[in-house]
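Notes for the one structure printed next.
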Amino acid sequence: MDKDVEKIIKEAQEKLEKIADLKLLDQTYIELFGKNSHLNKLTKQISNLPKDKRPKAGQTINKAKKQLEKLFKETKSRLITHHSSLINPIDISAPGKKDEIGHLHLVSQAIEEIVEIFSRLGFYLQSYPEIDWEWYVFESLNMPKNHPARDEWETFFVKSDPHAKYGGQVLTPHTSNGQVREMEKTKTPPIRMINISRCYRRQIDISHTPMFHQFEGLLIDKNISIPDLRGTFDFFTKSFFGPDRVTRLRPHHFRFTEPSFEVDVICDICKGEGCRICKSGWLELGGAGMVHPKVLKAGNIDPQKYSGFAFGWGIERTIAMKTGLGDIRLLYQNDIRFLEQF
Ligand code: PHE
């Protein structure tokens, strides 16, 4: 019996190795396991054996059957793989798929560009806390406790402590908290700081997100006046937006600058004529002004000796003005179809 089984397996093995076609393989199945197969004939012979030999013979045949099934399956998968490689042959001359290369987020790109432009004028980059004392965010900037001007900053309060030396803690609603901090750090001017940071306000619509970025400029030295501020803004806007994008200053009011301005950039589309996008011909960039003497004093700088200017502009807004982006919330939706365009 053992010998018969061995022979059956060997023959089957040889046959299967030669098969190159799935149809032929299906026919072989009947030959191997069907009614007239060698295996079936052997099975039938079991009943002719003496009783005590039957179980062993049964086991041998079952084992052989399993072995044959395994061989059959292996052959089948070999043929299927071969078949599919014929249908989809590998074209080794085809160009490879390139890995997609990412790039910096639009906001990071703008930050790099802004820092680079101001560095050409000698400004250096500084960073100050995103959670700061009310003193640096408001009081030191001439906005005393309970002053209604504070409402405009729509602040998120982290910890309130009205009696503490520096007041409570807030999420910085603007980067102006860096002004007095920078004066304290540098002690004696000149100061030429660009402070870039995340800011937070209770606001959300097409031109506001609760988290956004500002860049704050602070320049303090001897004999600094409004033409210096103007020249700096023109240099920035021409470098960032393009050579024909001039700025204008509109009178405004901030508690920490005197005089104060709102800085506008001429609209790229209508060149100041007034159009559907800008309405007035100008787009508002952000606030600015000459540093208030009280702020200089809060930073231990003598307003008789020194003067300076400051400005604070939103990065998302600046990007929107450059790219024509209608809804700045798109910047934070992480949609690759949008991000890929820049
Ligand atoms: N901090 C002001 C704001 O967030 C902008 C500003 C900065 C104005 C510096 C004047 C000087 O609106």
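Go over the candidates Asp268, Asp244 one by one and state the one that is acidic (Asp, Glu), over 23 Å from Phe138 (Cβ atoms) and touching a strand residue (DSSP E or B) at 6+ places or on another chain (Cβ under 8 Å). It would help to see each step written out before you state the result.
Details: Asp268 fails: touching a strand residue (DSSP E or B) at 6+ places or on another chain (Cβ under 8 Å).
Just one listed residue meets the conditions, Asp244.
Residue under question is Met211, and the condition is that it be closer than 12 Å to Gly314 by Cα and aliphatic (A, V, I, L, M); does it hold?
So Met211 passes the test.
How do the pairs read when you match residues in segment 76-90 that are within 16 Å of Lys23 (Cβ to Cβ) with residues anywhere that are part of a helix (DSSP H, G or I) and at pLDDT 85 or above, using Cβ under 8 Å and keeping only pairs 6 or more apart or on different chains?
The qualifying pairs are Lys76/Leu25; Leu79/Leu25.
Taking Arg329 as meeting all but one of (1) away from the ligand (no atom under 16 Å from the Cβ); (2) open to solvent by less than 70 Å² (accessible area, probe 1.4 Å); (3) under 20 Å from the mean Cα position of the chain (by Cα); (4) not β-branched (Val, Ile, Thr), write down the number of the exception.
Going through the list (1) away from the ligand (no atom under 16 Å from the Cβ); (2) open to solvent by less than 70 Å² (accessible area, probe 1.4 Å); (3) under 20 Å from the mean Cα position of the chain (by Cα); (4) not β-branched (Val, Ile, Thr), Arg329 breaks only (2).
Is there any pair with a first residue in segment 245-262 that is over 17 Å from Phe233 (Cα atoms) and a second that is in a strand (DSSP E or B) whose Cβ atoms are under 7 Å apart and which are 6 or more apart or on different chains, and what are they?
Short answer, once both residue conditions are applied: His253/Ser260; Phe254/Ser260; Phe254/Gly287; Phe254/Gly289; Glu258/Gly289; Glu258/Met290.
For segment 81-118, enumerate the residues that are open to solvent by less than 60 Å² (accessible area, probe 1.4 Å), at pLDDT 85 or above and not hydrophobic (A, V, I, L, M, F, W, C).
Within segment 81-118, His105, Ser108 meet the criteria.
If I ask for residues that are open to solvent by less than 20 Å² (accessible area, probe 1.4 Å) and either basic (Lys, Arg) or within 14 Å of Ile224 (Cβ to Cβ) (or both), which ones from segment 256-289 would you list?
Hits for segment 256-289 are Thr257, Ala288, Gly289.
Would segment 166-188 turn up any residue that is more than 24 Å from Tyr306 (Cβ to Cβ) and either of a type in the set (D, E, K, R) or within 11 Å of the ligand (Cβ to nearest atom) (or both)?
Yes: segment 166-188 contains one or more residues that are more than 24 Å from Tyr306 (Cβ to Cβ) and either of a type in the set (D, E, K, R) or within 11 Å of the ligand (Cβ to nearest atom) (or both).
Filter segment 25-69 down to the residues that are open to solvent by 50 Å² or more (accessible area, probe 1.4 Å), over 11 Å from Val5 (Cα atoms) and among the polar types (S, T, N, Q) and list them by number.
Gln27, Asn36, Gln45, Ser47, Asn48, Gln59, listed by residue number.
Within segment 215-235, can you find the residues that are within 14 Å of the ligand (Cβ to nearest atom) and either aromatic (Phe, Trp, Tyr) or free of Cβ contacts under 8 Å to residues at least 24 places away in the same chain (or both)?
Phe215, Phe233
The values are calculated or read from the model by the stated rules, or taken from the named source; none is laboratory data. What you see is a predicted model, and the numbers here were worked out from it, not measured in a lab. All Cβ positions, even for glycine, are placed from backbone atoms using ideal geometry, and neighbour counts span all protein chains on display. These accessible areas exclude ligands, DNA and RNA; they are computed on the full protein's heavy atoms, side chains included. Shrake-Rupley method; radii C 1.70, N 1.55, O 1.52, S 1.80 Å.
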